[in-house]
Amino acid sequence: MLNSPYDSMPKDKSTEVILWFEELRKEDVPLVGGKNANLGEMLKAGIPVPPGFAVTAYAYKRFIEETGIKDEIQRILRERVKPGASAPEDYIEASKEIRALIEKTPMPKDIEESIRKAYRELSQRLGKKEEFVAVRSSATAEDLPDASFAGQQETYLNVKGGDDVVDKVRKCWSSLFTPRAIFYRESKGFAHDRVLISVAVQKMVNSRSAGVMFTIHPVTGEQNKIVIEGSWGLGESVVSGKVTPDEWVVDKNTLQILERRVAEKARELVRDPQSGRNLEKEVEPERRTSPCLNDEEVRRLSELAVVIEKHYGRPMDIEWAIDRDLKFPENVFIVQARPETVWSAKQAEAKQAEVKAVRLTEAKAVVKGLPASPGVAYGTAKVCLTLEDAKKMMQKGDLLVTKMTDPDWVPYMRLAAAIVTDEGGTTAHAAIVSRELGIPCIVGTREATKLMETGKNYTVDSRAGVVYEGYIEELLGKKEEKPAVAVSAPMEIFVKPITATKIYMNLGVPEKIYDYKDLPFDGIGLMRVEFIMASYVGDHPLYLLETGKSDVLIDKMAEGIAMVAREIYPRPIVVRFSDFKTNEYRQLKGGEKYEPHEDNPMLGWRGVSRYISPQYEKAFKLEVKAIRKVRDEMGLGNVWVMAPFVRTLWEAEKFVRLLREEGLESGRDFKIWAMAEVPSIIFLAEEFSRYFDGFSIGSNDLTQLTLGTDRDSAILPKIDSRYFDERDPAVKTAIAMLIEKAHNSPYGYRTVSICGQAPSVYPEFTEFLVRQGIDSVSVNPDVVARTRELVSGIERRILIEKSIGIDRSDDELGWPMRRPRRGLPNIWARRVDEI
């Protein structure tokens, strides 16, 4: 293997422009795409891969951002491509315009020189002044595990010379915007600026013969056979189907050739000795019916196929080439390998169908916990105690079993068919995110990581909070009818009834807006930015400031917020500024340097107290700049903001002054809300109204602080679920007080919303809120439609009661005392006219 001079030097791969194949592993897909990552992985396994290097996705990202063409690309896409309404010619025209823009834009000098330097070094390693190389695209999209970009971008063969390599890299970048690629991303709901592209620059095998091979029979699905297909010249003629290839069927165990078919190969694609370009020519008559491989080469390819399949642990689709300039066995190369998909999927279904069903009455319950997100799922458990475990083990459809999650776990949670945790309550991170993603979840089992085993199959019934061994047919349905992995609660879509109470939706993962945008909601009442910071950014804000990369946070946060705001415009989106605790901030890159240890971070340095502190104020201003970028530069004036965990009047004053100094001030089209989580904001709501346009009740923290109950405790709810219950009279009294005080504020009418979990879980709690005159309720996506129907019915009943002189607003408090009055919830006097 050719060694890179960088092998012994530790480096941060995420900010490298060039990475050599031998530096890459399969975990590097977000940096260099699947094609490049697999080449590095095969080198690690000792597979003969033509040497080369990757121009990273980071290089492309820098190119479009530093040259200023990123916004222009987005403008062209917005103007040319209308989701669901564009004709084929719209995609073609957008592609032409964007590709021309990219191909005429010079690269940043350091990136261009890095590519030239790497190409010179590759040529020198191979003993040439200038070596022929293949320049191949390798697209990637972090946090989009289901995305597949195969065949959408371009490849250039027999490229020679620094100028030509740089030019072809730029052309590969532009091929990210072929009509097919644009259409694919639109149809999948992927934001175009979330998909990046890396480029492989690899020694060009001067192919005498080339082709593909499968470690499973591609027609019959037989796992004990290897099928090799090949033809004369470059492999593109076989991959594209331009020729009928020769074929060998080999026994995987003995490597004996079982079948061979030699086709007539009339044409081949070869390198022109004079120009160095690809040339299609006729094959001489004596070679047309001769096999393109000898038996020795067939056996060598078969040996490599077995090694590759064993390394990846699954059937593989492999591209190979035989170099005409080298002697056997040095002339045998593997140029690409990817998982075989057709028969692998069929076998997974067959394996599911063969599972012996267990009757519920005979099933063994392994663990029990708190139901957190409804649904039923069956799959293979992966017990992951650390993020590194999840990174290595989690695949689509697995059951994620862990102690507890935080925002860093979201990419792996999205892969899971169900989630089971040792710790946490129904308002813990795992519970909230699972409900948003529509994934069944059980929390607070206390011992799932000890009693569930990696590799063993279970049925998770998150409606009852029980995990069973095996496949429980009564819960999952008959296998032949529904062999799917998960059976989640269906999302209902209704005709949108009119309500005076606005129905908002909670959201944390920006891309999910494409799934939910057609639901009947009036806006986003809670847009969490923690997922953006953990998954889009990944670095601690103070670390970014120290390293001069503060624009990363501004751009990524603006990108995620704009993705949502653009889809729902002109409906409002209320963005809650970051509310990580110190233990969560510490997990971001560089975080250990800046975050103190707190014994109780839930009540520590978080929310507004963090923003206004001298040691963090500059970092918080980056979030403010991101909001300004979305509103001012992107023209999305439907973005409002919300302050979490507000404690005192003096910090509220400092917070609002800080926003004003940074160019964000309350007005007709821009609102500043405060989370009502700490009881102090309830007691002094009239005074807090001086600083905020509205309040949003965080019922999880408000319940915790009112009842003195740890919201993540798995012990108290098992003693009695009423220890943490938003329906407790004390909590309801606090909410009623807030609504009355806000609506009668001396600074003018202040709106009240709620974004905690209570209205998503308890319909009767929603009725209480509506009867108290709340202005809006913000709920999880899976209950948006149902909540609108519910609120519509409640409002109709209130109007009927009002018409006959009945007022039941105090009845909903659930206790004999009555609150002091300045009048009934007078919002209903106005709502009669609204409805």
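The values are calculated or read from the model by the stated rules, or taken from the named source; none is laboratory data. None of these values were measured; they are calculated from a predicted model. Quick reminder, even Gly has a Cβ in these numbers, built from the backbone with ideal geometry, and neighbours come from all protein chains shown. For the accessible areas, the whole protein counts, side chains as well, though only heavy atoms, and no ligand, DNA or RNA atoms are used. Shrake-Rupley method; radii C 1.70, N 1.55, O 1.52, S 1.80 Å.
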Go through the residues of segment 748-757 one by one and say whether even a single one is part of a loop (DSSP other than H, G, I, E, B), at pLDDT below 55 and over 28 Å from Arg722 (Cα atoms).
no
Subset of segment 609-619 (residues that are in contact (Cβ under 8 Å) with a residue 60 or more places away in the chain and within 25 Å of Met563 (Cβ to Cβ)):
Ala619
Return the total of residues in segment 659-681 being open to solvent by less than 10 Å² (accessible area, probe 1.4 Å) and either in a helix (DSSP H, G or I) or touching a Cys at 6+ places or on another chain (Cβ under 7 Å) (or both).
2
If I ask for residues that are under 17 Å from Glu259 (Cα atoms), out of contact with any Asp or Glu (no Cβ under 7 Å at 6 or more places or on another chain) and not in a strand (DSSP E or B), which ones from segment 225-245 would you list?
Thr244
Residue in segment 453-474 that is over 28 Å from Ser792 (Cα atoms), open to solvent by less than 50 Å² (accessible area, probe 1.4 Å), modelled with pLDDT under 80 and touching a helix residue (DSSP H, G or I) at 6+ places or on another chain (Cβ under 7 Å) present
no
Among the residues of segment 368-382, which ones are crowded, with 22+ Cβ neighbours inside 10 Å, within 13 Å of Gly465 (Cβ to Cβ) and within 22 Å of the chain's Cα centre (by Cα)?
Ala372, Ser373, Gly375
Within segment 174-201, residues open to solvent by less than 20 Å² (accessible area, probe 1.4 Å), small (Gly, Ala, Ser) and over 30 Å from Pro48 (Cβ atoms) come out as Ser174, Ala181, Gly189, Ala191
Taking Lys171 and the conditions (1) in a helix (DSSP H, G or I); (2) out of contact with any Phe, Trp or Tyr (no Cβ under 8 Å at 6 or more places or on another chain), which numbered condition does it fall short on, given that it satisfies the others?
(2)
Check Val770, Val784, Val779 and return the single one that is crowded, with 21+ Cβ neighbours inside 10 Å, β-branched (Val, Ile, Thr) and over 20 Å from Leu702 (Cβ atoms).
Val784
Among the residues listed as Leu707, Leu738, the single one being modelled with pLDDT of 95 or more, under 23 Å from Asn506 (Cβ atoms) and surrounded by 17 or more Cβ atoms within 10 Å (Cβ to Cβ)
Leu738
Touching an Asp or Glu at 6+ places or on another chain (Cβ under 9 Å), at pLDDT below 90 and open to solvent by less than 70 Å² (accessible area, probe 1.4 Å), is that true of Tyr58?
no
Given (1) under 28 Å from Val358 (Cβ atoms); (2) among the polar types (S, T, N, Q); (3) open to solvent by 50 Å² or more (accessible area, probe 1.4 Å), identify the lone condition not met by Thr445.
(3)
Among the residues of segment 627-645, are any open to solvent by 50 Å² or more (accessible area, probe 1.4 Å), part of a loop (DSSP other than H, G, I, E, B) and farther than 14 Å from Ala558 by Cα?
no
Here is a list of conditions, (1) under 24 Å from Ile47 (Cβ atoms); (2) modelled with pLDDT of 90 or more; (3) exposed (fewer than 14 other Cβ atoms within 10 Å of the Cβ), and Arg287 meets all of them except one; can you say which number that is?
(1)
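Of everything in segment 202-231, what is open to solvent by 20 Å² or more (accessible area, probe 1.4 Å), at pLDDT 90 or above and over 35 Å from the mean Cα position of the chain (by Cα)? Give them in sequence order. Walk me through it before giving the result.
Step one: list which residues in segment 202-231 are open to solvent by 20 Å² or more (accessible area, probe 1.4 Å), which gives 203, 206, 208, 214, 217-220, 222-225, 229.
Retained after the next criterion (residues that are at pLDDT 90 or above): 203, 208, 214, 224-225, 229.
Within segment 202-231, Arg208, Asn224, Lys225, Glu229 qualify.
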Residues of segment 743-764 satisfying the condition of being of a type outside the set (Ser, Thr, Tyr) and surrounded by fewer than 24 Cβ atoms within 10 Å (Cβ to Cβ)
His743, Asn744, Pro746, Gly748, Val761, Pro763, Glu764
Looking at (1) among the polar types (S, T, N, Q); (2) modelled with pLDDT under 90; (3) buried (at least 20 other Cβ atoms within 10 Å of the Cβ); (4) within 21 Å of the chain's Cα centre (by Cα), which one does Thr402 not meet, given that it meets all the others?
(2)
Which one of these does Lys718 not meet: (1) basic (Lys, Arg); (2) touching a Ser or Thr at 6+ places or on another chain (Cβ under 9 Å); (3) open to solvent by 50 Å² or more (accessible area, probe 1.4 Å); (4) farther than 19 Å from Asp775 by Cβ?
(2)
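Quickly run through segment 298-314 and pick out the residues that are of a type outside the set (Val, Ile, Thr) and either in contact with a Lys or Arg (Cβ under 9 Å, 6 or more places away or on another chain) or in a helix (DSSP H, G or I) (or both). Explain how you work it out, then say what you get.
We begin by selecting, within segment 298-314, every residue of a type outside the set (Val, Ile, Thr); these are 299-305, 309-314.
Those that are of a type outside the set (Val, Ile, Thr) and either in contact with a Lys or Arg (Cβ under 9 Å, 6 or more places away or on another chain) or in a helix (DSSP H, G or I) (or both): Arg299, Arg300, Leu301, Ser302, Glu303, Leu304, Ala305, Glu309, Lys310, His311, Tyr312.
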Residue ID - nearest to Arg194 (Cα to Cα), chosen from residues in segment 567-601 that are open to solvent by 10 Å² or more (accessible area, probe 1.4 Å) and out of contact with any helix residue (DSSP H, G or I) (no Cβ under 8 Å at 6 or more places or on another chain)
Tyr569
So in segment 705-730, with the set limited to residues that are within 34 Å of the chain's Cα centre (by Cα) and not in a loop (DSSP other than H, G, I, E, B), which one is farthest from Met404 (Cα to Cα)?
Leu705
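Looking only at segment 246-265, count how many residues are assigned to a loop (DSSP other than H, G, I, E, B) and either in contact with a helix residue (DSSP H, G or I) (Cβ under 6 Å, 6 or more places away or on another chain) or open to solvent by less than 60 Å² (accessible area, probe 1.4 Å) (or both). Walk me through it before giving the result.
Step one: list which residues in segment 246-265 are assigned to a loop (DSSP other than H, G, I, E, B), which gives 252-256, 262-265.
Now narrow it down to the ones that are either in contact with a helix residue (DSSP H, G or I) (Cβ under 6 Å, 6 or more places away or on another chain) or open to solvent by less than 60 Å² (accessible area, probe 1.4 Å) (or both): 252, 255, 263-265.
Number of matching residues: 5.
Is it true that Ser187 is modelled with pLDDT under 85 and not in a loop (DSSP other than H, G, I, E, B)? Quick ask: steps written out before the conclusion?
Working: modelled with pLDDT under 85: yes; not in a loop (DSSP other than H, G, I, E, B): yes.
The answer is yes for Ser187.
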